[in-house]
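Notes for the one structure printed next.
Please treat every number below as a calculation from the coordinates, not as lab data. All values reported here derive from a predicted model rather than from experimental measurement. Positions of Cβ are backbone-derived with ideal geometry, glycine not excepted, and every protein chain shown enters the neighbour counts.
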Amino acid sequence: MHKVYNWQLNRTMEYKYPETRPDKQVTWLFDTNKCIACQTCTVACKNAWTAGKGQEAMFWNNVETKPWGFYPLGWDIRLLEKLGSQNWDRNKYLGKTIFETAPYGEEMLGFMPDAEDYLHPNIGEDEVSSAINQGDYLKMVHQPWMFYLQRICNHCTYPACVAACPRKSIYKRKEDGIVLIDQARCRGYQECVRGCPYKKSFFRDYTGKSEKCISCYPTVEQGNQTQCVVNCIGKIRLFGFKNNWQNPREDNPFDYLIYFKKIALPLYPQFGLEPNVYYIPPINVPGQFNKQLFGPGAETAVQLYREAYKDKYLIAVLMLMGCTDKIIHRFDVKGDIETGYAIGYDEKGAEIIRVPIKEPIIIRNKYDEQKDVYRISVS
Ligand code: SF4
Ligand code: SF4
């Protein structure tokens with residue numbers, strides 16, 4: 001075991017390999033508050049990568065309704081129960097990670113789901129946290145709550161799948177931090193399936209090998225965002241690259257939301273993998289639940305999101321989500337919050353997108369002179 005620094009835990013921790021960070025790191029931002037659980041992302045990913053034989057129950061992207069949704073069944077609560085106390089002292093994690101609680105002779109605390117656990121990917125969808133009795137009515141903020149959690153491989157900085165693989169078949173690319181399984185080396189031992197706490201490495205019995213999200217690398221290499229992002233109906237997603245926690249740039253949209261505003265947070269940072277998918281936490285969920293999922297910064301992030309309409313830079317980045325297929329490397333804001341624009345630039349500094357910070361409301365006349373018809377709003 002080596003001592004490595006995990007900035008999400010604010011401390012060093014144990015990991016199988018020495019600390020190495022890629023030149024740049026693939027990163028996703030998901031705004032949980034805007035998701036409508038349409039599953040378009042899930043279908044887009046499935047059509048692109050997992051439509052073959054033996055991949056029927058394999059979803060590299062899934063969207064589950066918390067608190068009752070799981071894919072595979074119970075993936076997180078089964079591990080959380082084993083992990084023990086998960087306390088924080090402000091931003092420092094006092095509990096143990098899955099690497100620090102590894103049973104004797106194993107690389108990390110893990111478990112193997114059963115085949116049946118993958119058969120109901122929509123379990124719990126749209127189910128709220130508690131029963132609604134006859135005669136109940138919704139109060140704001142309503143007591144029975146739920147939210148949609150979008151899940152893909154986190155292309156972790158300290159991947160459990162990499163540490164688990166006895167064949168060294170899994171590797172993290174130096175140029176962009178994408179984690180891949182070498183299909184030629186894999187022998188299907190499934191240690192990555194057991195070890196990944198997010199359960200985002202899957203065994204394909206048709207080939208006898210494991211597979212996982214490849215971060216759509218053929219399209220990323222062309223400067224485009226991933227399939228789950230460009231097909232998102234709710235425009236809740238943004239894909240690109242973040243910088244190291246030690247040298248963030250304020251004009252990088254990922255660094256801005258993660259390091260400067262601290263509004264986008266990792267999922268279960270206490271597992272210790274330094275995951276690279278960042279979530280804006282849901283605002284109508286009990287604080288303790290949010291804290292368990294997204295760490296001690298969740299409450300501040302929720303407050304910031306509620307006030308986001310006052311902050312033109314924050315709103316500007318949120319408006320850049322889902323507005324272009326191209327990867328945005330830098331952003332800028334021109335004008336004020338009422339009439340200004342958010343602008344996205346590519347790697348070479350060329351403008352690729354310009355969107356209004358505040359979407360204009362256009363009220364058209366009921367009478368259309370050109371067509372000589374009345375248009376009646378039925379809404
Ligand atoms: S989420 Fe799981 S499969 Fe993906 S890099 Fe991390 S440990 Fe590996
Ligand atoms: S496509 Fe977007 S809005 Fe629809 S389920 Fe996926 S993340 Fe949510």
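Of the residues 60, 88, 75, the one that moves most in a GNM of the chain with alpha-carbon contacts below 10 Å is 88.
Per-peptide packing, taken as the mean over residues of other Cβ atoms within 10 Å, places 66-72, 113-119 in the sequence 66-72, 113-119 from highest down.
Per residue of the chain, the DSSP helices (runs of n ≥ 4 H) give a summed -39500 (n - 2.57) that works out to -4000 deg cm²/dmol at 222 nm. Residue order for 77, 178, fewest other beta carbons within 10 angstrom first, comes to 77, 178. What lysines sit close enough to residue 371 to cross-link, taking a C-alpha to C-alpha distance under 26 Å and skipping anything fewer than 8 places away on the same chain? Within reach: none.
With the convex hull drawn around the C-alpha atoms of the range 135-204, the volume per residue stands at 141 Å³. Exceedance of the 18 Å cut-off in Cα-Cα distance is limited, within the set 3/82; 262/358; 16/96, to 3/82; 262/358. Panel values: the range 211-360, Kirkwood radius from alpha carbon pairs, Stokes-Einstein at 37 °C and 0.692 mPa s, translational diffusion coefficient 203 µm²/s. Bridgeable lysines around residue 348 (alpha carbons under 17 Å apart, same-chain partners fewer than 8 residues away excluded): 24, 242, 326. Starting from the Cα gyration tensor of the range 177-281, take the square roots of the eigenvalues, sort them a ≥ b ≥ c, and report rounded, prolate or oblate (rounded when a/c is under 1.5, otherwise prolate if a/b is larger than b/c, else oblate). Because a/c hits 1.5 or more and a/b exceeds b/c, the range 177-281 counts as prolate. Annotation for the range 134-214: chymotrypsin sites (Phe, Trp or Tyr not before Pro) lying in DSSP loop with at most 14 further Cβ atoms inside 10 Å of their Cβ are 137, 206. Net charge in the neighbourhood of residue 56 (other residues with Cβ under 12 Å of its Cβ; Lys, Arg +1, Asp, Glu -1) is +2.
For a straight C-alpha distance cut-off of 17 angstrom, the lysines reachable from residue 46 (same-chain residues fewer than eight places away being disregarded) are 199, 200, 212. Each of 2, 120, 329, 155 was scored by other Cβ atoms within 10 Å of its Cβ. Listed from fewest to most, they are 2, 120, 329, 155. The ranking of 161, 45 by Cβ neighbour count inside 10 Å, starting from the fewest, reads 45, 161.
When the Cα gyration tensor is reduced to axis lengths a ≥ b ≥ c, the ratio a/c is 1.5 or higher for the range 47-143, and with a/b not above b/c it is classed as oblate.
With N counted as the residues of the chain, its alpha-carbon radius of gyration over 2.2 N^0.38 Å works out to 1.03.
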